[in-house]
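Below is one structure, written out as structure tokens; comments come after it.
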Amino acid sequence: MRLLPRLFCFLIFATTLAGVFALAQAPATLVSLDAVTASDPLHDGIQIQAGSATLRITALRADIIRVRISPDTTLPEDASWAVLSDARTKSVDVQPIQDSAAVGFRTSALDVRVERNPLRLVIRDLSGNVISEDAIGRPTKFQLGGFSIYKQMPAAEHYFGLGDKTGQFDRREQAYTLWNTDVGPQESVDPLYKAIPFFLAMNGAQSYGIFLDNTWRTWFDFGKQFRDAIAFGSEGGPLDYYFIYGPTPKQVVEGYSYLTGKPPLPPLWSLGFQQSHYTYTPESKLREIATRLRNDRIPSDAVYLDIDYQDRNRPFTVDNKTFPNFPSLVSDLKKQHFHLVNITDLHIAHAVNQGYMPYDTGHAGDHFVKNPDGSEFVGVVWPGPAVFPDFTRAQTREWWGNLYKEFVKEGVAGFWNDMNEPSVFNGPGKTMPLNTVHRIEEPGFATRTATHSEIHNIVGLENARGTFEGLLKLRPDERPFVITRATYAGGQRFGFTWTGDNSATWNHLRLATQMVLNLGLSGISFVGADVGGFNGTPSSELLTRWVELAAFSPFFRDHYDKGAGPHEVWANGPEQEAIRRRYIETRYKLLPYFYALADETSRTGLPMMRPVFLEFPEIFAPNANFDHWDTEFLLGPSLLVAPSPFGEKLDDYYLAFPAGAWFDFWTGEKMPPQPTVPTLTESLTAKSGTKYQEPRKIHPKLDMLPVYVRGGTVLPMQPLIQSTDETPGGPLELRVYPGDHCIGSLYLDDGHTFAYQQGKYLRQTINCEADSNGVRVKFHARDGSYPAWWKIIEIVVFDWPSAHAEAKVSGSAYPLKTTYDLKQHALHVTLADQAGETELSIKGRSAR
């Protein structure tokens, strides 16, 4: 949210009492898992002794293996903040394996063996291909309270995930620390705001994932220390990890979501354009922004209030001097069809006997984190001296959620949890001392105390959880909108996030794409980056490019810092405003596609914004020669967004198309078959005179972001609206791009309540088939009882050769009226809404 005058500090654990505590709990000597000394088969796996150490490997599903290891005979408590209880306690029966070389088991998908001496876990598919194996000569070790694990790193394997990390998209040859940290700007800085200890590996077209369920400070090394080994570990806590097999990357992401949960279906308005600033104050300024958005006809759905709306920066207050009519402000914004989002940081002002309700009730309920001596921990943040809710207590989260009661009553639509790493201005490493005491009072956990070393990485997760669950109680018929800066694995269950305090630089525009993609692979689909960069003033070209790109991201918010130049859409004059407005309008026309993707995400866990390899894993096959897989991305399965690798350059660049047919989204033009770039060997060995056809070349234009539609897509679009409160007027447009496995889907509900859970939704699949004679568009029967807003459907078939066409709906003898767009080579057919099983047949394609 806000860049502080700060000097980034590295945490020095050995000087803290928590470090001393960890050392006191460490085994007296190094424990290394060198050889199997005993083993016992289990119905769902195997338990192994390796000297004093215990190793239990079990199958939750045929494709998900859990590995728990302890340096002694007692395994740690079986509890998790991230993994759902229903998933964690599931198991499947396995087929035991035991011979002179190894012990283990088989599932219907995997062969899991532990070699006896040296002890190595090796996981293969049922054809005998190694998927993952412990490193040779580098056994698992426990030392000084922590542990380390080493896996072999194949030469062609790529690694993704770990949440919001800067640097290169592929994690290979890099190392990372997971410790939630308030830091900015983010240039090549690690760690950042989120700790998501999950990575996805791609080796050729085969994929697997590993999730280390450990809330302490963890680390991952992908060949930086040892060029042939992946390593990961923690300074403390349990060694408990999950191996998730694909073989496709989609299956891995779905498996991870099975473990840690799927995102809830968000309110429709949260997918619209949102405007924010640190800070719109006084009240008249926010009203001015809202009115300008409407007067300039910039489609938008939300405006934000940063901390300056509060009385002395105290959460859950309003400064009556600068916001004298707050309830009227909320009401008036609603009349303009804006949803208001308030920031509510977790630090509660330490205001003893001052009539500050959040502190008074929190103190009375004993809801704050403690010092080792039992007193309330007090640290300096925006209100000055502040205390911090102990979110590992269920009753504290309930108290916290109830603090939103007045804002909810006044109609505030959403809430923004910031500074929840937690950030403490005067603390070591800008957070709490590591010996600060939390109390775990939570169903599914043993009641106990824990130091901040253990709890730090889940403070943001449980803060967002407390907000989300509190809003569900206060407004049980409304889907909560919560956005959090810090989180842990499973944070997707409680709403949105963003990439934090980015900068107004071209490099951060590149980083935004890669960070959002890796967060999506890490389970968090509803995510975006501050448009234009939070810190600093973007050039007019940079802001325009950022708006264009963010229009195709899940969370579309323009937000910037105090002191920076304006970032609003109208900044830099009418010419730039017109370009930016056009992309925001495109976003709103595409909302039927966005909402169908959000529905899919809530049911499968697949991200809305996807790296190309999620749909096309073959781009990592040997000699695939697919360039720009780290800059191009997909929105859902169907839209390929292909920005310049370096947006600040005017140089031409080449596009990389995955296999299949592709169409220009803007013009409807079908792309010619794209050749692959020759390998160096092919170039050197080519006969004299051999010419390779170059792939498609793009000359960057400020007003044009290259976007392409996958052949085999039925893309739904709607007439332009100014906010999601508005019902579109006119027909629903279904754009048909012929190709293999042609499919599209519609999803609709009331956009804000939970009535869809009782069947009040509309979900429909549309298929298409094309041949030399024509195209058939098949409407499947709808699920759900929610009525469509449209009465008419306009089918637009691209790559149609001429105006010659005859269109009929099954069961009708009467032809439908058609029109032809020669420029786009598109045939338009208008028909009544089709709720049941129906086929539209269009003949005449052979007239080319």
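The values are calculated or read from the model by the stated rules, or taken from the named source; none is laboratory data. Quantities reported herein were computed from a predicted structural model and do not represent experimental measurements. Because the Cβ atoms are built from the backbone with ideal geometry, glycine has one as well, and the counts that use them run over all protein chains shown. Note: areas computed on protein heavy atoms with side chains; ligands, DNA, RNA excluded. Shrake-Rupley method; radii C 1.70, N 1.55, O 1.52, S 1.80 Å.
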*Check residue 207 against each of (1) closer than 30 Å to residue 597 by Cβ; (2) more than 21 Å from the chain's Cα centre (by Cα); (3) open to solvent by less than 10 Å² (accessible area, probe 1.4 Å) and name the one condition it does not meet.*
(2)
*If you go through the range 450-471 one residue at a time, do you hit one that is in a loop (DSSP other than H, G, I, E, B) and touching a helix residue (DSSP H, G or I) at 6+ places or on another chain (Cβ under 6 Å)?*
no
*Quick one: count up the residues across the range 607-663 that are farther than 30 Å from residue 495 by Cα, in contact with a helix residue (DSSP H, G or I) (Cβ under 8 Å, 6 or more places away or on another chain) and in a helix (DSSP H, G or I).*
2
_Quick check on residue 155: is it of a type in the set (Gly, Ala, Ser) and open to solvent by less than 50 Å² (accessible area, probe 1.4 Å)?_
no
_Would you confirm whether or not the range 282-292 contains a residue that is in contact with a helix residue (DSSP H, G or I) (Cβ under 6 Å, 6 or more places away or on another chain) and either of a type outside the set (A, V, I, L, M) or under 30 Å from residue 388 (Cβ atoms) (or both)?_
yes
_Between 573, 605, which is open to solvent by 20 Å² or more (accessible area, probe 1.4 Å) and either hydroxyl-bearing (Ser, Thr, Tyr) or at pLDDT 95 or above (or both)?_
573
*Please work out which residue is least open to solvent (accessible area, probe 1.4 Å), limiting yourself to the range 355-373 and to residues that are part of a loop (DSSP other than H, G, I, E, B) and closer than 26 Å to residue 451 by Cβ.*
369
*What residue, of 75, 119, 110, is modelled with pLDDT of 95 or more and within 14 Å of residue 242 (Cβ to Cβ)?*
110
*asked:* I'm checking my understanding of the structure. Among residues of the range 105-127 that are open to solvent by 40 Å² or more (accessible area, probe 1.4 Å) and not in a strand (DSSP E or B), which one is nearest to residue 92 (Cα to Cα)?
replied: 108
_Counted residues, the range 333-351 - those being out of contact with any helix residue (DSSP H, G or I) (no Cβ under 7 Å at 6 or more places or on another chain) and farther than 17 Å from residue 418 by Cβ_ = 3
*List pairs: first in the range 442-466 and crowded, with 24+ Cβ neighbours inside 10 Å, second assigned to a helix (DSSP H, G or I), Cβ under 6 Å, 6+ apart or cross-chain?*
453/18; 461/491; 464/494; 465/494; 466/397; 466/400; 466/401
*Here are some conditions: (1) crowded, with 24+ Cβ neighbours inside 10 Å; (2) part of a helix (DSSP H, G or I); (3) touching a Gly at 6+ places or on another chain (Cβ under 7 Å). Residue 493 meets all but one. Which one does it not meet?*
(1)
_Of all residues being in a loop (DSSP other than H, G, I, E, B) and over 24 Å from residue 449 (Cα atoms) in the range 374-391, which is most open to solvent (accessible area, probe 1.4 Å)? Just the residue, please._
382
*List the number of the failed condition for residue 785; all other conditions in (1) touching a Lys or Arg at 6+ places or on another chain (Cβ under 7 Å); (2) open to solvent by less than 40 Å² (accessible area, probe 1.4 Å) hold.*
(2)
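Matching residues to (1) in a helix (DSSP H, G or I); (2) open to solvent by less than 10 Å² (accessible area, probe 1.4 Å):
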| residue | (1), (2) |
| --- | --- |
| 509 | yes, no |
| 516 | yes, yes |
| 537 | no, no |
| 543 | yes, yes |
| 549 | yes, no |
| 554 | no, yes |
*Qualifying strands (runs of 3 or more DSSP E) (wholly inside the range 808-848; at least 3 residues being more than 38 Å from the chain's Cα centre (by Cα))*: 818-821, 838-843
*Is at least one residue of the range 579-602 more than 28 Å from the chain's Cα centre (by Cα), part of a helix (DSSP H, G or I) and small (Gly, Ala, Ser)?*
no
_Yes/no for residue 764 being assigned to a strand (DSSP E or B) and not hydrophobic (A, V, I, L, M, F, W, C)_ = yes
*If you scan the range 744-780, which residues turn out to be open to solvent by 40 Å² or more (accessible area, probe 1.4 Å), under 16 Å from residue 834 (Cβ atoms) and not polar (S, T, N, Q)?*
763, 776, 778, 780
*Out of all the residues in the range 325-354, which are over 27 Å from residue 487 (Cβ atoms), small (Gly, Ala, Ser) and not in a loop (DSSP other than H, G, I, E, B)?*
328, 331
*Are any residues in the range 287-305 part of a loop (DSSP other than H, G, I, E, B) and surrounded by fewer than 22 Cβ atoms within 10 Å (Cβ to Cβ), and if so, which ones?*
296, 297, 298
*asked:* Within the range 222-243, take every residue that is in a strand (DSSP E or B) and surrounded by fewer than 21 Cβ atoms within 10 Å (Cβ to Cβ) and give me the one that is farthest from the chain's Cα centre (by Cα).
replied: 229
*Within the range 781-799, restricting attention to residues that are touching a Ser or Thr at 6+ places or on another chain (Cβ under 7 Å) and in a strand (DSSP E or B), which residue is farthest from residue 841 (Cα to Cα)?*
792
*Would you tally the residues in the range 609-623 being buried (at least 17 other Cβ atoms within 10 Å of the Cβ) and either in contact with an Asp or Glu (Cβ under 9 Å, 6 or more places away or on another chain) or under 13 Å from residue 205 (Cβ atoms) (or both)?*
9
